[in-house]
Amino acid sequence: MTNPYQAPAANLDLAAQHSANSDQQVGGFWLRVAAKLLDFVIMLPLVGVTYWLSTTSRFFYLSWIVPGIITGLCYSVYLVGRYGATPGKLVMKLRVQMKDGSPVTFTAALIREAPVMLLGAAINLGLGLSALSMDDGTYLNYGFLARSEALMASGPGWLTAVNWIMQGWTWVGAIVMLLNSRRRAVHDFLAGTVVVKVARLS
């Protein structure tokens, strides 16, 4: 027999869900920084290859736009959508999930990564256009840092702005993460996700 004084089932479900979410420890700021650093270390071989390729041809930046997007889709979208975490987050026992506690969706994983992928592609486009304005001898005679400075200086007018937006995205994301109790960055708010600490990732 149904108790007429019992709270509606929907409210009980919401209460249980809220309790479960409250009991789950959020991924702390420094844990997420450590996970990001681990991901960078894991990707170092690819970073090394792209660095070397950039010293061999002024066409590198334009030719890397599509492979760069594919790399981001595989590493930061597919792995998060499939396993709930990048390798760095797995090591730090962090998991990305929807804010209601359900598994992260591939759409949410894509939304989380899309701003960085698009900004990165735009920067590569600008650097590529700048490189095309140089002859091979000039491009190849630069050292890496000098080449980067020269490409930024001679690139399209919007390149510097996009570069600043990329840096701003990183800093604003870190500040926003520090200012809310669930340590959600801007991309978490956009995608409706939260990063939590778990004892074991399934």
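Structural descriptor for the chain: relative contact order 30 percent, calculated from alpha carbon pairs under 8 angstrom and at least 6 residues apart. Build a GNM of the chain with springs between Cα atoms under 10 Å: which of G101, G137, G88 gets the top mean-square fluctuation? Ranking G101, G137, G88 by mean-square fluctuation puts G137 first.
The eigenvalues of the Cα gyration tensor, multiplied by 5 and square-rooted, give the chain an equivalent ellipsoid with semi-axes of 43, 16, 14 Å from largest to smallest.
Around the Cα centre of the range 19-197, unit charges on the Cβ atoms of Lys, Arg, Asp and Glu (plus for the first two, minus for the last two) sum to a dipole of about 680 debye.
Each value in this text was obtained by applying a stated rule to the coordinates, not by laboratory testing. What you are looking at is a predicted structure, and each value in this text was computed from that prediction instead of being measured. In this analysis, Cβ positions are derived from the backbone assuming ideal geometry, glycine residues included, and neighbour counts consider all displayed protein chains.
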